[in-house]
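Colleague: Structure provided below as structure tokens; questions to follow.
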Amino acid sequence: MKINVKRVKSSEIELKDRLVAVKRVTKVTKGGRALSFSAIIVVGNGNGVVGFGLGKASEVATAIEKGIDDAKKNLIKVSVHKGTIPHEQYAKHGGAKVFLKPAAPGTGVIAGGAMRAVLESVGVKDVLAKSMGSSNPHNVVKATVKALTQMRDPFLIARHRGIDLAKVFNG
């Protein structure tokens with residue numbers, strides 16, 4: 001199945017960034033230990049646009065800035081319908097596996113850590129999510145974004161099938 005990913009330019013929209021994780025990396029060299037930092041950042045507009053990036057530098061603030069710049073280069077458009085996702089979705093990246101399921105209004109974002117940052121940045125208000133396998137934030141973020149890109153837009157499905165939108169949701 002071919003996945004249609006809609007790319008978005010960061011100059012067109014107002015983005016909010018969220019820090020997912022900062023790690024201190026130590027490299028042992030002949031002259032001693034060299035410290036550096038890596039930061040995973042998720043940016044989104046809260047209305048269906050999300051991106052993630054990784055920044056590495058010798059200072060935390062610089063690593064975060066680089067991560068934000070990287071995230072703004074990798075923005076995608078995601079289908080959000082009535083504050084939740086249109087259907088269940090499973091995705092895997094590396095050792096991380098994620099499962100997303102639509103939820104009734106008022107449920108909230110039932111997700112942890114890295115998944116929560118991605119889902120709140122994209123603008124999902126009600127969702128049930130489970131992260132299985134590895135809890136490595138890099139892979140969890142990538143698996144969550146992969147699951148969101150595999151979502152099918154209900155308006156497009158309704159138009160393609162030639163039926164009403166309510167019928168797509170068995171309404």
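Colleague: What do you reckon, is ALA111 free of Cβ contacts under 8 Å to residues at least 24 places away in the same chain, touching a helix residue (DSSP H, G or I) at 6+ places or on another chain (Cβ under 7 Å) and surrounded by 15 or more Cβ atoms within 10 Å (Cβ to Cβ)?
Modeller: yes
Colleague: Would you confirm whether or not the range 9-28 contains a residue that is buried (at least 17 other Cβ atoms within 10 Å of the Cβ), in a helix (DSSP H, G or I) and not hydrophobic (A, V, I, L, M, F, W, C)?
Modeller: Yes, because at least one residue in the range 9-28 is buried (at least 17 other Cβ atoms within 10 Å of the Cβ), in a helix (DSSP H, G or I) and not hydrophobic (A, V, I, L, M, F, W, C).
Colleague: Sticking with this one: Check whether at least one residue in the range 127-143 is in contact with a Ser or Thr (Cβ under 8 Å, 6 or more places away or on another chain), outside the structural domain of SER38 (by TED's automatic domain parsing), of a type in the set (D, E, K, R) and surrounded by fewer than 19 Cβ atoms within 10 Å (Cβ to Cβ), and report yes or no.
Modeller: Looking through the range 127-143, none of the residues is in contact with a Ser or Thr (Cβ under 8 Å, 6 or more places away or on another chain), outside the structural domain of SER38 (by TED's automatic domain parsing), of a type in the set (D, E, K, R) and surrounded by fewer than 19 Cβ atoms within 10 Å (Cβ to Cβ).
Colleague: Moving on to the next point. If you scan the range 44-73, which residues turn out to be within 11 Å of the chain's Cα centre (by Cα) and at pLDDT below 90?
Modeller: The answer is GLY48, and nothing else.
Colleague: Now, a different point. Answer yes or no as to whether ALA129 is at pLDDT 90 or above, touching a helix residue (DSSP H, G or I) at 6+ places or on another chain (Cβ under 9 Å), of a type outside the set (D, E, K, R) and in a helix (DSSP H, G or I).
Modeller: no
Each row is one residue, and each column tells you yes or no for (1) outside the structural domain of GLY123 (by TED's automatic domain parsing); (2) surrounded by 22 or more Cβ atoms within 10 Å (Cβ to Cβ).
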position	(1), (2)
GLY44	yes, yes
LYS66	yes, no
GLU88	no, no
LYS92	no, no
ALA96	no, yes
ALA104	no, no
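Colleague: Let me confirm something: among ARG152, ARG159, which residue is outside the structural domain of ILE40 (by TED's automatic domain parsing), over 17 Å from VAL42 (Cβ atoms) and part of a loop (DSSP other than H, G, I, E, B)?
Modeller: Going through ARG152, ARG159 in turn, just one is outside the structural domain of ILE40 (by TED's automatic domain parsing), over 17 Å from VAL42 (Cβ atoms) and part of a loop (DSSP other than H, G, I, E, B): ARG152.
Colleague: Working only within the range 68-85, note down all residues that are in contact with a strand residue (DSSP E or B) (Cβ under 9 Å, 6 or more places away or on another chain), in a loop (DSSP other than H, G, I, E, B) and surrounded by 19 or more Cβ atoms within 10 Å (Cβ to Cβ).
Modeller: Those that are in contact with a strand residue (DSSP E or B) (Cβ under 9 Å, 6 or more places away or on another chain), in a loop (DSSP other than H, G, I, E, B) and surrounded by 19 or more Cβ atoms within 10 Å (Cβ to Cβ): LEU75, VAL78, ILE85.
Colleague: Any idea how many residues of the range 59-83 are in contact (Cβ under 8 Å) with a residue 40 or more places away in the chain and under 25 Å from PRO102 (Cα atoms)?
Modeller: So the count comes out to 8.
Colleague: Determine the pairs where a residue that is at positive phi, located within the range 35-58, has a partner that is surrounded by fewer than 17 Cβ atoms within 10 Å (Cβ to Cβ) and assigned to a loop (DSSP other than H, G, I, E, B) with Cβ atoms under 6 Å apart, the partner being 6 or more residues away or on another chain.
Modeller: What qualifies is GLY46/GLY123; GLY48/GLY123.
Colleague: How many of the residues in the range 18-44 are touching a strand residue (DSSP E or B) at 6+ places or on another chain (Cβ under 7 Å) and over 14 Å from GLU65 (Cβ atoms)?
Modeller: Of the residues in that region, 14 qualify.
The values are calculated or read from the model by the stated rules, or taken from the named source; none is laboratory data. The shown structure was predicted, so the numbers you read here are calculated from the model rather than taken from an experiment. So basically every Cβ, Gly included, is an ideal-geometry build from the backbone, and we count neighbours across all protein chains shown.
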